[in-house]
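Structure first, commentary second.
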Amino acid sequence: MRSSRSIMARPANITRPLFLGTTSVLCLLAEPVHAQNASSSLPKQHQTTGKKSPATSRARQLTVSDPHSVAAQPATGGTEAVIVTGTREIGKKARDSISPVDIITARQLSETGMPSLREALTQLAPSLTMPTSGYDAGALTSAFSLRGLSPNETLVLVDGKRRHTTANIYADPGPQQGSTPVDVDMIPLAAIDHVEILRDGASAQYGSDAVAGVVNIILKKQDHGFHAQSLTGITASKDGFEQGIYMDGGAKLTDRGYIHVSGDYVHEDHTYRSAPDLRTNTKINKLLGQPEQTRETVAVKAGYHILDNLEAYAVATYAHRHAESFQNYRTASSLDNYPAYAAIYPNGYSPVMTMDENDWEVTAGLRGEIDNWHWDLSSVYGRDYDQIGIANSANLALSTATGRTPTKFDAQGYNNEQWSNTFDLSKAFHIPGWPYAINVAGGASYRYESYSIGTGSADSTYSSGSDALQGTVAANAGNYSRDVVGVILMLPPILPKMCNSIWQAVTNTIRM
């Protein structure tokens with residue numbers, strides 16, 4: 001059972017609550033958040049200025065001249081919305097896309113009542129799935145997959161730029177084993193304008209990590225107003241209490257730019273899917289359920305027109321998460337042969353795996369237009385650092401040797417870094433007498449990736465190590481890196497259009 005609270009101030013009214021059990025939320029807006037002005041980034045003289053009524057704003061169709069900077073989509077999305085995923089053609093609509101592209105708006109995400117982007121997307125996109133339960137460190141990363149394939153094969157973009165992956169490796173058996181997916185919950189839900197989901201393989205355009213498809217998260221760029229929303233909920237079993245606070249707002253940078261700031265605070269308690277059964281002597285095992293986690297996320301997006309046909313832009317995100325996941329319960333009777341454990345935990349114990357995660361990414365770039373050539377030069381640096389520990393545990397060998405043992409250990413540390421540099425170029429050519437534009441696009445990219453595994457504390461690696469999770473020993477630690485270079489040239493599939501035009505000409509002639 002959840003309740004979602006949302007207020008979006010409008011010129012003459014307040015948004016009606018969408019869920020039963022809502023409460024008040026503060027909001028000060030000049031216009032609705034989801035009815036932003038649909039103005040292109042380039043060139044500036046084509047941007048719409050002046051005030052529009054909310055009804056007019058909601059009804060306007062979206063047109064853009066910049067493929068990586070899209071304003072707000074209409075609240076209902078639909079086939080008329082302009083897309084930037086799976087194509088480098090300027091102003092292409094979803095209905096004209098060869099590949100299936102779903103568009104999910106911020107309003108639709110909010111109406112699900114889910115506290116995170118991952119949970120909201122899986123409610124709205126049937127092709128997106130996420131694990132319903134997990135254990136060990138794998139339960140501490142929010143992963144999803146497209147079409148049932150590995151999360152490693154779903155590419156995640158933010159404003160058309162490749163997002164770095166988590167440092168947490170999913171090591172347990174299952175469909176996610178060995179994956180290091182992008183953790184989309186490290187992006188504030190309040191910052192998202194809409195999400196484009198390409199439900200088809202796109203490895204030819206994006207690389208081998210897009211075999212399952214592409215999820216492109218477009219962030220808000222509204223230059224005015226403030227929006228706040230809160231959410232609370234609890235399950236019918238009275239566990240899994242959750243609370244979320246979401247805020248975002250924008251401002252103008254003179255008359256040539258904007259800045260939009262967003263932030264989320266989300267807390268989710270444990271859920272338990274196990275109960276005692278005296279008939280089978282089954283004990284409560286808190287391993288079965290969802291982990292507890294607290295997230296604080298912030299995003300800043302800005303753009304400034306240096307010239308009418310030249311824009312500088314930047315995006316920065318930061319997130320911190322503390323998460324805890326229960327391990328298998330150790331009953332008191334199972335400790336009879338381990339007096340050191342029994343002395344500390346006479347009633348048995350459940351070790352708790354913990355993770356403190358710091359994730360951040362910065363994007364900076366220039367884009368413009370020269371003689372109808374649209375170009376985009378950008379650099380993106382992202383990092384995810386995970387410190388994994390084990391609490392409510394002990395090191396039996398250390399206790400036997402020294403007569404003491406801590407109950408909390410720093411066991412493992414993982415660090416993942418990615419630095420991407422891309423240059424994209426595209427132009428639509430118009431041939432006299434030919435009804436279709438011929439779009440030519442190309443680009444080049446260089447990406448540096450590094451991954452490191454740190455050692456655990458000395459007390460976590462001594463002899464057999466800490467119970468439930470042994471610390472990483474020096475022999476298993478290390479640093480690894482690779483360089484990835486790519487070049488792409490995309491020519492239009494004009495043959496089908498040419499055949500279609502010839503067929504229409506022939507049929508029209510026959511009818512005459």
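The values are calculated or read from the model by the stated rules, or taken from the named source; none is laboratory data. In this text, all values refer to a predicted model and were calculated from it rather than measured experimentally. Note: ideal-geometry Cβ built from the backbone for every residue, glycine included; neighbour counts use all protein chains shown.
Here are the numbers:
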{"read-out": "Residue match in the range 112-126 (condition: over 22 Å from Val266 (Cα atoms), within 15 Å of the chain's Cα centre (by Cα), modelled with pLDDT under 95 and acidic (Asp, Glu))", "value": "no"}
{"read-out": "Condition broken by Thr461, with the remaining ones in (1) touching a helix residue (DSSP H, G or I) at 6+ places or on another chain (Cβ under 9 Å); (2) over 30 Å from Tyr349 (Cα atoms) satisfied", "value": "(2)"}
{"read-out": "Within the range 209-227, tally of residues that are part of a strand (DSSP E or B) and either within 15 Å of the chain's Cα centre (by Cα) or crowded, with 22+ Cβ neighbours inside 10 Å (or both)", "value": "8"}
{"read-out": "Total residues in the range 166-186, condition out of contact with any strand residue (DSSP E or B) (no Cβ under 6 Å at 6 or more places or on another chain) and assigned to a loop (DSSP other than H, G, I, E, B)", "value": "14"}
{"read-out": "Close pairs from the range 310-324: first in contact (Cβ under 8 Å) with a residue 60 or more places away in the chain, partner among the basic types (Lys, Arg), Cβ under 6 Å, at least 6 apart", "value": "Glu311/Arg367; Val315/Lys301; Arg321/Arg295"}
{"read-out": "Residue count for the range 419-443, restricted to those that are modelled with pLDDT under 95, out of contact with any Asp or Glu (no Cβ under 9 Å at 6 or more places or on another chain) and in a strand (DSSP E or B)", "value": "3"}
{"read-out": "Restricting the range 389-430 to residues that are buried (at least 17 other Cβ atoms within 10 Å of the Cβ) and among the aromatic types (Phe, Trp, Tyr), the residue that is farthest from His374 (Cα to Cα)", "value": "Phe409"}
{"read-out": "Unmet requirement for Asn416, which otherwise passes all of (1) part of a strand (DSSP E or B); (2) at pLDDT below 95", "value": "(2)"}
{"read-out": "Filtered residues of the range 398-413 (kept if of a type outside the set (Gly, Ala, Ser), free of Cβ contacts under 8 Å to residues at least 40 places away in the same chain and assigned to a loop (DSSP other than H, G, I, E, B))", "value": "Arg404"}
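Conditions (1) farther than 25 Å from Thr472 by Cβ; (2) part of a helix (DSSP H, G or I), marked per residue:
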{"residue": "Ala323", "(1), (2)": "no, no"}
{"residue": "Ala340", "(1), (2)": "no, yes"}
{"residue": "Thr354", "(1), (2)": "no, no"}
{"residue": "Asp359", "(1), (2)": "no, no"}
{"residue": "Ala364", "(1), (2)": "yes, no"}
{"residue": "Asp376", "(1), (2)": "yes, no"}
{"residue": "Val380", "(1), (2)": "yes, no"}
{"residue": "Asp384", "(1), (2)": "no, no"}
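Residues checked against (1) among the aromatic types (Phe, Trp, Tyr); (2) at pLDDT below 95; (3) over 33 Å from the mean Cα position of the chain (by Cα); (4) over 30 Å from Glu449 (Cβ atoms):
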position	(1), (2), (3), (4)
Thr461	no, no, yes, no
Ser464	no, yes, yes, yes
Leu469	no, yes, no, no
Ala477	no, no, no, no
Arg482	no, no, no, no
Ile488	no, yes, no, no
Pro493	no, yes, no, yes
Lys497	no, yes, yes, yes
Asn500	no, yes, yes, yes
